[in-house]
Amino acid sequence: MTHFVVPDSVHTTSEDDGGLVLLNVATGQWHKLNRTGNELCSEICAGGLDVAVEVFTSRYPRESPEGIRVHAEELLSALVERGLLEPGGLARGSGGVPIALAPRTPVALRPLLVAAVALPLALVLLRLPFRVTVKGFKLVKRGRARRTATRTEALQALAAAKRVSRFHLGRVACLELSLTAALTAALRGGSVQWCLGVASDPQSFHAWIEADGEPVTDPYDDPIPLTYQRVLAV
């Protein structure tokens, strides 16, 4: 079950029409959800994205489950990006799923040099509030990534991130590695998606990159298990 919580920096007030007004004191910005958005947000916080989709599918049988999921994912992404929700228990810093760092894919010199810049940038971003991390990555992506990265370019970015991560004195897990790879691709002009997901039984969080809507992994790595449900793509 994906767990999301309202940060302490967000104050909420319910309205008579079922809507919800939110004040993010960290940014000074006001936000408002209508009744449906408020109900969907409440279900996501209470039971996670999958449970929220199931509840709304039974509540609105005329709507397709696929359409409801799309709307739920869009709402969740928007709330996380604005700092109004954050993943509860998300492994930060050295947490997350460990990644084997011995690279098998040959890496060209240029991606290595770019990854050497991307790694410290990723480490700094991951020390900031999650909404700032997301905004920072989007800023780099918007400013430098002029086209969609090919799978080959995405794999090179991942391999370069793994290579330079070996020189980091701290433990490197999926969160650091995936953001480094995504930043490497963006700084080289290619756009990939930085994705975060969760699996249950047992519960674990994971982060990875995608190109053309497909997870990118080293050929010698284990594939991203199908049990991981993507809950955020940037």
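Values quoted throughout were computed directly from the atomic coordinates according to the rules given, and no laboratory measurement underlies them. Fair warning: this is a prediction, and the values are worked out from it, not measured in the lab. All Cβ positions, even for glycine, are placed from backbone atoms using ideal geometry, and neighbour counts span all protein chains on display.
Using only the Cα atoms of region 4-87, construct the convex hull and provide its projected area averaged over every direction, in square nanometres to one decimal. Write out the running numbers ahead of the final one.
Working: hull surface 21.0 nm².
That works out to 5.2 nm², a quarter of the Cα hull's surface.
With a sphere of radius 14 Å drawn around the Cβ of Leu76, what net charge do the other residues whose Cβ falls strictly inside it have (Lys, Arg +1; Asp, Glu -1)?
Cβ neighbours under 14 Å give a net charge of -3.
Using label points projected 7 Å from each Cα along Cα→Cβ, tell me how many nm separate Arg35 and Leu128, to one decimal.
3.9 nm
For the residues His206, His31, what sequence is obtained by ranking on other C-beta atoms within 10 Å, fewest first?
His31, His206
Please sort 157-170, 73-86 by packing, taking for each peptide the average over its residues of neighbouring beta carbons within 10 angstrom, highest first.
Output ranking for 157-170, 73-86: 157-170, 73-86.
Taking H placed 1.01 Å from N in the peptide plane, check which residues at least 5 places from Gly19 or on another chain put their amide H under 5 Å from its amide H.
Answer set, sorted by chain and number: Arg35.
In nm, what is the difference between 0.36 nm times the number of residues separating Arg151 and Thr217 and their Cα-Cα distance?
22.8 nm
Can you order the peptides 62-70, 109-117 by their average number of other Cβ atoms within 10 Å per residue, highest first?
Peptide ranking by packing, descending: 109-117, 62-70.
Would any residue of region 167-197 have its amide N under 16 Å from a label point 7 Å out along Cα→Cβ of Leu113? List them or say none.
Counting backbone N atoms under 16 Å from the label point, the list is 184-185, 187-189.
Using a Förster distance of 35 angstrom, determine the FRET efficiency expected from the C-beta separation of Val25 and Arg142, and round it to 0.05.
0.85
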